[in-house]
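Okay, so here's the structure we're looking at.
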Amino acid sequence: MSLWISLYLPSCPPAGISPDTACPAAHADHMPALQPAGAPEAALALLQYTPNVAFFDEDSILLEVQASLSLFKGARNLCRLIRDSLRKLGIGHARLGMAPTALAAWLFASRAAGPIRLFGTRRLPRQLDLLPAFSLPSVQPYRDWLEGIGCRSLGQLRRLPRKGLQQRSSPEVVRELDFAYGAAEQHFTWFQPPSRFAQRHELIERLEHTHAILAVAKRLIEQLCGWLQARQEAGSELTLLLHHEKGRHARPPSNVTLRLSEDAWRPEDFTHVLAEQLHTLSLPAAVIAVELIAESSRPRTPANAGLFPEPGQWQRQESRLLDLLQARLGPERVRQPAPSAHYMPEQANLWRSVQAATSPRPSHAEQAQPSELPPPRLAVQARPFWLLPSPQALAMKGDRPVHQGRPLRLVHGPERLETGWWSLHGHEKRDYFIAQDAQGARYWLYRLREPRAAQETGWFLHGFFA
């Protein structure tokens, strides 16, 4: 059994919609391929819910959704999601009908007093019988004749002798009756998305604020996600071009590049990060058009069909959080540890931007090498929570190192580290200690076994314990 949703779009086009930016598609059997205003954009977005999308008549879009019900948790939730997508596209005036046949769904959306939604075939004949006889497109030329014989409903029209009805009207009337009531199967040519996604939205007025641009970008992202869903692909890099004035005051478009750490195909994965980027964007001039381009897309990883949660789901949530933080704070301010195999703490504990794809491998001279003389077998000290970016030289008061005027008492150590003997200028000989001040705060110090200059005390502060 099939289940169809029909979206009836009034002839008045939504503001700013340009119907010539998506590839056309034909519709079936008995009607030419006509597209209502805004239909190509809506068709792209609706591909998120089913690959079977077709234009019907001159004011409607049809979706075959039977195979989508389990994925979207039932017909009611699917209708809600479709309405949300249309609302993001600025099409809040669409009427929705649902029925087991495509023509019945169209009749319920466009011809009934109120939209009707049927999930099964049991009530279909009774609901169709109540509609006016001239609801079918092919019956319109014979409306006066039908009213003259007292045939005013589809139920009465269906009870007329088929052969006589066909002779006095047209075979198309009988065919449409069969299509509507499910006695014959209706075929369609499905909407085909373009091979490359590059959608442009022309604005009817100049935009000077980024929150208005975000609303337009959400429309384009809805279309992008339908395009990705139809191709079973995902993307991680988008380009948003904000076009400015043309002519004498022309300037190049502003470029907003959206990069995600993981491939995505759902609208919220893109819009949340884009909202953060636009929040900090300063527009050099008013925007007259917004264009969204998908730089690349890759085949999507198949969904987990097992009983237990997918192992990578936590990693995806972490990646989305990092994407939001990078968009809000800047990519260089969000860092992750990049430990290196080195004896020196400042070389072993490195941090780099999470946007960096790979860490450069250390050169041969930087890699840890065994000392000529192995260090004594001492227990390794605890490492501090805060490590200074570079060691801080300490003064001496008597035989004690001093930090901010407070003498420090050594409570543990030494731990000897020696490395770089193979390098001309990198030979380091350090003895590390844990020290404590009078207030109980603990510090990580080291003493150079061979001070580099006569004025140096040889003591350095390298970290703090929490």
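The values are calculated or read from the model by the stated rules, or taken from the named source; none is laboratory data. Source: prediction; values computed, not measured. Please note: Cβ atoms are built from the backbone with ideal geometry, for glycine as well, and neighbour counts cover all protein chains shown. The area values use the complete protein model at the heavy-atom level, side chains included, leaving out ligands, DNA and RNA. Shrake-Rupley method; radii C 1.70, N 1.55, O 1.52, S 1.80 Å.
The figures follow:
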| quantity | calculated |
| --- | --- |
| Residues located in segment 230-267, provided they are out of contact with any Ser or Thr (no Cβ under 9 Å at 6 or more places or on another chain) and of a type in the set (S, T, N, Q) | Q232, S254 |
| Test for I91: is it β-branched (V, I, T), crowded, with 21+ Cβ neighbours inside 10 Å and more than 16 Å from W4 (Cβ to Cβ) | yes |
| Every pair of residues 6+ apart whose Cβ atoms lie under 8 Å, when the first sits in segment 254-265 and is touching a residue at least 12 places away in the same chain (Cβ under 8 Å) and charged (D, E, K, R) while the second is open to solvent by 60 Å² or more (accessible area, probe 1.4 Å) and part of a strand (DSSP E or B) | D263/R298 |
| Criterion (surrounded by fewer than 20 Cβ atoms within 10 Å (Cβ to Cβ) and within 23 Å of I82 (Cβ to Cβ)) met by exactly one of E233, E276, E185 | E233 |
| All positions within segment 158-213 that are hydrophobic (A, V, I, L, M, F, W, C), part of a loop (DSSP other than H, G, I, E, B) and under 30 Å from N255 (Cα atoms) | F197 |
| Complete set of residues in segment 112-162 that are surrounded by fewer than 12 Cβ atoms within 10 Å (Cβ to Cβ) and of a type in the set (S, T, N, Q) | Q140 |
| Within segment 236-265, tally of residues that are open to solvent by 70 Å² or more (accessible area, probe 1.4 Å), in contact with a Leu (Cβ under 9 Å, 6 or more places away or on another chain) and over 22 Å from R298 (Cβ atoms) | 1 |
| Helices (runs of 4 or more DSSP H) within segment 29-140 that include 1 or more residues closer than 29 Å to V216 by Cα | 39-46, 75-88, 102-110 |
| Lone qualifier among E202, E172, E176, E185 - being among the charged types (D, E, K, R) and without any contact (Cβ under 8 Å) to a residue 40 or more places away in the chain | E185 |
| Residue satisfying all of: in segment 396-437; modelled with pLDDT under 90 and hydroxyl-bearing (S, T, Y); least open to solvent (accessible area, probe 1.4 Å) among these | T419 |
| Pair list, Cβ under 7 Å, 6 or more apart: segment 56-80 residue closer than 28 Å to L136 by Cβ, other residue loosely packed, with under 13 Cβ neighbours inside 10 Å | D59/S11; Q66/M1 |
| Of all residues making up segment 328-379, the number that are closer than 18 Å to E428 by Cα, at pLDDT 60 or above and not hydroxyl-bearing (S, T, Y) | 8 |
| Selection from segment 141-157 of residues that are assigned to a loop (DSSP other than H, G, I, E, B) and under 20 Å from W106 (Cα atoms) | R152 |
| Count - residues of segment 197-228 that are of a type in the set (S, T, N, Q) and farther than 19 Å from H272 by Cα | 1 |
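This table checks each residue for (1) in a strand (DSSP E or B); (2) of a type outside the set (S, T, N, Q); (3) farther than 20 Å from L350 by Cα; (4) in contact (Cβ under 8 Å) with a residue 12 or more places away in the chain.
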site: L387; (1), (2), (3), (4): yes, yes, no, yes
site: S390; (1), (2), (3), (4): yes, no, no, yes
site: M396; (1), (2), (3), (4): yes, yes, yes, yes
site: P401; (1), (2), (3), (4): yes, yes, yes, yes
site: L410; (1), (2), (3), (4): yes, yes, yes, yes
site: G413; (1), (2), (3), (4): yes, yes, yes, yes
site: L417; (1), (2), (3), (4): yes, yes, no, yes
site: W422; (1), (2), (3), (4): no, yes, yes, yes
